[in-house]
Amino acid sequence: MAAAGKKGGDFPLTLELLVGSSSSIGYIAAREGPLDVTKSELLVRYLSLINRKTMIANHPEREQIRLENVLTALGNPLRLAVVRKLAAGGEHACGTLVQGLSKSTLTHHWRVLRESGVIWQRPCGRESLLSLRREDLDARFPGLLDVLLSAVENDVTTDKATAKHLTT
């Protein structure tokens with residue numbers, strides 16, 4: 001592959017390099033943006049698309065997350081308990097977060113949290129792994145998550161209502 005010139009230490013890829021390419025990277029570059037991008041930019045786009053394809057459908061983009069949907073999702077004590085647990089960090093298997101509920105009920109709650117933009121949900125074997133979309137929520141609504149989690153911890157009634165759902 002010959003490069004057209006240097007750009008920021010990387011060689012830019014041009015349309016000529018991508019025409020007829022059946023590689024995923026060539027496809028991504030042609031589909032996801034301008035064709036005159038550096039190799040590192042192309043790799044970032046490729047990895048981002050792979051991450052999106054491994055997620056379960058219906059995750060809104062950061063710009064599509066709406067405050068009313070987030071507040072509605074967090075208005076349920078069980079979902080608030082899940083967010084409280086996920087806020088500690090990491091990914092959690094969907095069946096390990098709450099106890100005493102049917103799979104169909106949990107599926108409903110995961111869908112509400114996922115479609116409102118509160119959580120990421122990705123398949124892993126026969127389970128789904130859940131994680132909090134803290135960066136996206138903080139970018140869209142700075143401080144909201146911290147205030148809500150602080151209120152839950154400082155309010156005895158809410159603390160009891162959410163804690164009864166969590167596994168130990």
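The values are calculated or read from the model by the stated rules, or taken from the named source; none is laboratory data. Here the structure is a predicted model, which is why all the values come from computation and not from measurement. Because the Cβ atoms are built from the backbone with ideal geometry, glycine has one as well, and the counts that use them run over all protein chains shown. Quick note on the areas: whole protein, heavy atoms, side chains included, nothing else; ligands and nucleic acids left out. Shrake-Rupley method; radii C 1.70, N 1.55, O 1.52, S 1.80 Å.
The modelled label-to-label distance for the pair Q99/C124, using points 7 Å beyond Cα in the direction of Cβ, is 2.2 nm. Annotation for Q64 and E153: the two label points, set 7 Å from Cα along the Cα-Cβ direction, are 3.3 nm apart. By accessible area, using a 1.4 Å probe on protein heavy atoms only, segment 59-164 has 51% of its surface on carbon and sulfur.
Shown are V112, V152, whose ranking by accessible area with a 1.4 Å probe and every protein chain present, most to least, is V112, V152. As a length-normalised measure over Cα pairs under 8 Å and 6 or more apart, the relative contact order of segment 59-164 settles at 33 percent.
Normalise the Cα radius of gyration of segment 59-164 by 2.2 N^0.38 Å (N = residues in it) and let me know the number.
Its radius of gyration relative to the 2.2 N^0.38 Å reference: 1.01.
You can think of it this way: the chain between R134 and H108 has 7.2 nm of extra reach, that is 0.36 nm per residue less the Cα-Cα gap. Among the trypsin sites (Lys or Arg not before Pro) within segment 82-150, those in coil by DSSP and having at most 16 neighbouring Cβ atoms inside 10 Å are R126. In this label model, A87 and L144 are separated by 1.4 nm, measuring between points 7 Å along each Cα→Cβ vector.
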